[in-house]
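Have a look at the structure below, then the notes.
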Amino acid sequence: MTDRYASFVQSAAGRALVKRLGLPDPPRLRRHHPGDPLLPGPALLGAATGGRLAEQVTKILTAAGVELADPAAAAEWAGGAPAQHAPPARSHGDTPQRYGALLFDATGITDSTELRQLYDFFHPQARAVLPSGRVIVLGTPPQECPTPREATAQRALEGLVRSIGKEFGRGTTAQLVYVTRDTGDTGAVGTRTSLESTLRFLLSGRSAYVSGQVIRVGGGAARTPADWDRPLDGQVVLVTGAARGIGAALAKVLARDGAQVVALDIPAAGDALAAVANDIGGTAVQLDLTAPDAPTRLAEHLASRHGRVDVVVHNAGITRDKTLGRMDADRWDQVIDVNLSSQERINDVLLERELIPAGGRIVSVSSIAGIAGNRGQTNYATSKAGVIGLVDSLAPALRDRGISVNAVAPGFIETRLTARIPLVVREAGRRMNSLAQGGLPVDVAETIAWLAWPASGAVSGNVVRVCGQSLLGA
Ligand code: NAD
């Protein structure tokens with residue numbers, strides 16, 4: 001499904017009309033291609049006095065080949081001496097300095113009066129970010145803060161980040177990353193390893209349609225890949241609902257990242273499924289997830305073919321929309337069964353049989369309908385809110401086994417599902433977000449892939465919205 005309006009505004013005539021009438025102006029988003037640099041320009045780093053992460057962030061960026069805009073400050077941090085830095089927007093001749101990213105370590109902020117340091121850093125740079133640039137603020141999870149004042153100040157970071165996501169425009173995204181103090185027993189090295197996959201994802205074009213998110217990076221075991229262009233090398237990944245839409249895009253992205261993909265869908269979608277699997281050198285499993293023997297058949301297949309499954313992506317989903325008063329029980333039952341109960345049954349059997357090893361990943365697909373609710377979708381929204389409950393309950397329960405559990409919650413994604421929405425509602429859905437456009441299946445796929453990487457072991461219990469910072473459920 002193409003967004004004709006977005007294509008039109010890229011033309012000369014379209015640009016003129018948009019400007020004159022004040023119409024929504026969807027920017028062209030920077031999306032990832034293998035071999036791309038992480039950023040379109042240098043990164044400017046800042047830190048509140050007493051911050052604890054700047055040194056690791058500097059090392060991660062340097063290792064990733066990112067040019068640092070203020071190497072002197074970076075060197076100071078790399079030497080372990082964090083200080084407040086807010087260089088003014090500088091110019092080289094007549095050309096103002098522009099940045100691919102602004103990163104600020106706010107972990108040193110322990111009182112609301114110190115929030116001023118955020119203003120001091122971001123205010124001079126508000127117009128200095130390149131198109132599809134990135135803003136990342138790093139903080140300490142409020143519940144870990146030793147004093148109410150520090151917890152209050154750290155919680156305040158959310159307001160800044162979500163507002164920058166709405167203000168900066170031109171495809172710039174903004175995220176808050178809360179980094180736990182306990183990032184493993186290896187201290188600074190542990191923190192660096194834990195944080196690296198998340199920074200790489202958020203800075204790159206992989207996160208094109210993710211904005212206004214709060215991501216928690218904790219203490220799970222993360223494994224740095226030999227090659228960041230193939231971060232899933234050797235991993236066996238199951239994708240349900242892989243015959244089309246988001247699932248098909250996901251199979252491709254996971255295979256590109258080095259995974260051995262097991263693509264599953266219903267027998268009626270067998271031909272499309274086989275085409276997806278053949279295209280990526282994966283295997284196809286025809287199975288209706290709601291069949292009573294589906295979990296055991298799947299477990300037996302995975303055990304006999306691969307001996308394990310490193311990553312399980314529960315993507316299959318259906319809608320059966322009707323307002324509650326008009327909804328028959330079948331519609332309710334089918335949606336809850338496909339979108340939620342089947343995931344629970346499959347998790348139970350795979351975990352019982354220990355087919356998901358330590359370092360394994362479970363990633364489920366929720367929806368912003370599960371966060372905001374939606375008229376005509378009581379069944380769907382219930383199932384998708386249930387997926388969030390599954391993450392909340394299972395992530396702590398599986399921490400000791402070294403298995404992470406996360407969900408993505410897509411907003412308006414250009415698929416057959418959204419193409420069926422009546423035109424006016426569809427246009428509203430597309431534009432009501434900070435990026436003024438729908439996302440693509442690949443945007444959801446890239447986000448799931450990041451959560452699946454062995455390097456993302458410290459990311460668990462998160463629900464990451466892939467919605468361009470939709471106004472719904474915000
Ligand atoms: P889609 O309908 O294009 O694809 C879903 C796939 O799941 C289909 O191939 C289908 O055959 C398969 N499937 C359905 N029931 C199954 C079963 N019982 N057993 C095995 N496979 C089954 O949908 P999509 O738009 O690609 O959505 C993928 C996921 O993303 C779903 O969970 C959906 O709820 C969620 N989502 C989509 C959007 C969006 O805008 N498209 C927004 C939010 C959430």
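For segment 152-169, the set of residues classified as open to solvent by 60 Å² or more (accessible area, probe 1.4 Å) and closer than 14 Å to residue 142 by Cα consists of 152, 155, listed by residue number.
If a residue must be in a helix (DSSP H, G or I), near the ligand (Cβ under 8 Å from one of its atoms) and touching a Leu at 6+ places or on another chain (Cβ under 9 Å), how many such residues does segment 409-457 contain? I'd like the intermediate steps shown before the answer.
Quick first cut of segment 409-457, residues in a helix (DSSP H, G or I) only: 416-419, 423-431, 441-452, 454-456.
From the residues that got through so far, the ones that are near the ligand (Cβ under 8 Å from one of its atoms) too are 416-418, 441, 444.
After this cut, where a residue has to be touching a Leu at 6+ places or on another chain (Cβ under 9 Å) as well, the list is 441, 444.
Qualifying residue count, segment 409-457: 2.
Cβ-Cβ distances below 8 Å connect the following pairs, each with a first residue in segment 56-83 that is buried (at least 22 other Cβ atoms within 10 Å of the Cβ), a second residue that is aromatic (Phe, Trp, Tyr) and at pLDDT 95 or above, and a separation of six or more residues or different chains: 69/99.
Taking first residues from segment 255-282 that are in contact (Cβ under 8 Å) with a residue 40 or more places away in the chain and among the polar types (S, T, N, Q) and partners that are open to solvent by less than 60 Å² (accessible area, probe 1.4 Å) and more than 10 Å from the ligand (Cβ to nearest atom), the Cβ contacts under 6 Å between residues at least 6 apart in sequence or on separate chains come to 260/236. Taking every residue in segment 378-396 that is closer than 16 Å to residue 332 by Cβ and pairing it with any residue that is among the basic types (Lys, Arg), at least 6 positions away or on another chain, the pairs with Cβ-Cβ distances below 8 Å are 379/320; 379/331; 380/320. Listed by position, the helices (runs of 4 or more DSSP H) enclosed by segment 213-327 that each have at least 1 residues that are within 29 Å of residue 473 (Cβ to Cβ), touching a strand residue (DSSP E or B) at 6+ places or on another chain (Cβ under 6 Å) and near the ligand (Cβ under 10 Å from one of its atoms) are 245-256.
On the basis of being near the ligand (Cβ under 10 Å from one of its atoms), under 20 Å from the mean Cα position of the chain (by Cα) and at pLDDT 95 or above, does residue 387 make the cut?
Yes.
Per the listing 406, 379, the residue uniquely of a type in the set (S, T, N, Q), at negative phi and part of a strand (DSSP E or B) is 406.
The values are calculated or read from the model by the stated rules, or taken from the named source; none is laboratory data. Note that the coordinates shown come from a computational prediction; the quantities given were computed from them, not determined experimentally. Quick reminder, even Gly has a Cβ in these numbers, built from the backbone with ideal geometry, and neighbours come from all protein chains shown. Accessible surface is based on the protein model in full, side chains and every heavy atom, while ligands, DNA and RNA are left aside. Shrake-Rupley method; radii C 1.70, N 1.55, O 1.52, S 1.80 Å.
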